[in-house]
1. Hey, among the residues in the range 87-121 that are assigned to a loop (DSSP other than H, G, I, E, B) and at negative phi, which one's surrounded by the fewest Cβ atoms within 10 Å (Cβ to Cβ)?
2. Scanning the range 45-84 for residues that are more than 10 Å from ligand 1 (Cβ to nearest atom) and in contact with a Pro (Cβ under 9 Å, 6 or more places away or on another chain), which turns out farthest from THR99 (Cα to Cα)?
3. Is it the case that LEU124 is of a type in the set (A, V, I, L, M), within 16 Å of ligand 1 (Cβ to nearest atom), buried (at least 18 other Cβ atoms within 10 Å of the Cβ) and not in a helix (DSSP H, G or I)?
4. Looking at ARG89, ARG97, which is the one that is in contact with an Asp or Glu (Cβ under 9 Å, 6 or more places away or on another chain), within 12 Å of ligand 2 (Cβ to nearest atom), charged (D, E, K, R) and at pLDDT 95 or above?
5. Only one residue in HIS29, HIS63 is out of contact with any Leu (no Cβ under 7 Å at 6 or more places or on another chain), modelled with pLDDT of 70 or more, over 24 Å from LEU164 (Cα atoms) and surrounded by 13 or more Cβ atoms within 10 Å (Cβ to Cβ). Which one?
6. Which of the residues belonging to the range 112-156 are within 18 Å of ARG97 (Cβ to Cβ), more than 9 Å from ligand 2 (Cβ to nearest atom) and in contact (Cβ under 8 Å) with a residue 60 or more places away in the chain?
7. Identify all residues within the range 39-53 that are touching a Lys or Arg at 6+ places or on another chain (Cβ under 8 Å) and without any contact (Cβ under 8 Å) to a residue 40 or more places away in the chain; write none if there are none.
Amino acid sequence: MTSNIKVTLVLLVTFLIAPLVLASGPDIHALWDDRCVSCHGHAGEFARKFLTVSNAELQGRHHVHDLRLFLQNHYLAGHSVEPVYNMLRAQAGNDPRFTNECSRCHNRAADFVRDSFILRDGVLYSRQLDMPIREFLNGHRKLQQQDVDYFMQQLMRIANEVDLNNTNSK
Ligand code: HEC
Ligand code: HEC
């Protein structure tokens, strides 16, 4: 009887802790699609339309200062505030180049990155081609060196905002 309770407790604790240990960080794009998209639409469009960056600070139209504080009381748990803030800040200060130049064939950047890329020792690889993305881009769509640099920076940021490890076993 007591050993049964012990086993039950051990299983229960393992069950409760396991998801925390396995998760490699919140997937900010999935979180947005889960909790914010219904009111605000896609994150990039929302950020570019309504938010600005001034002195590295993200500012809203209605909520100009202290957006971190606002977000904390606005559908977000504490540990998600910083990554969501950083994502919106990056998007607000960016031209929609992926949307304009790549989405026609690759749809949304976050889904593309999550489904097609892996990170190996900090280097972004194509899951399918087993080749560094930078190398691939050098021969793709007649991209110039500065374009490759630009898209690598964007894709790398997004790779850190989504949960690539979740699909590593695919
Ligand atoms: C039920 C609808 C709803 C949901 C869900 C929602 N928001 Fe909002 N959000 C609003 C409204 C309405 C405003 C404007 C409110 C105001 O002015 O006080 C707003 C304002 C904002 C602003 C400030 C915009 C500005 O111009 O000042 C940010 C940033 C923001 N939301 C982020 C988020 C994030 C991140 C999520 C998901 C975690 C989210 N929102 C979920 C309705 C929503
Ligand atoms: C006209 C369609 C088209 C456009 C526009 C396009 N691509 Fe591609 N892309 C492809 C195809 C097709 C592939 C599959 C590999 C191949 O055949 O070259 C691909 C593959 C890729 C891959 C490798 C994917 C993987 O699974 O390994 C990356 C990375 C990539 N594209 C990035 C971009 C970026 C960044 C842009 C925007 C500058 C872009 N592509 C614009 C058609 C396009």
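The values are calculated or read from the model by the stated rules, or taken from the named source; none is laboratory data. In this text the structure is predicted, and so the values were computed from the model without any measurement. Note that we place each Cβ from the backbone using ideal geometry, even for glycine, and neighbour counts take in every protein chain shown.
1. ASP95
2. The selected residue is HIS79.
3. The answer is no for LEU124.
4. Within the list ARG89, ARG97, the selection yields ARG97.
5. Only one candidate passes the filter, namely HIS63.
6. Across the range 112-156, there are no qualifying residues.
7. PHE50
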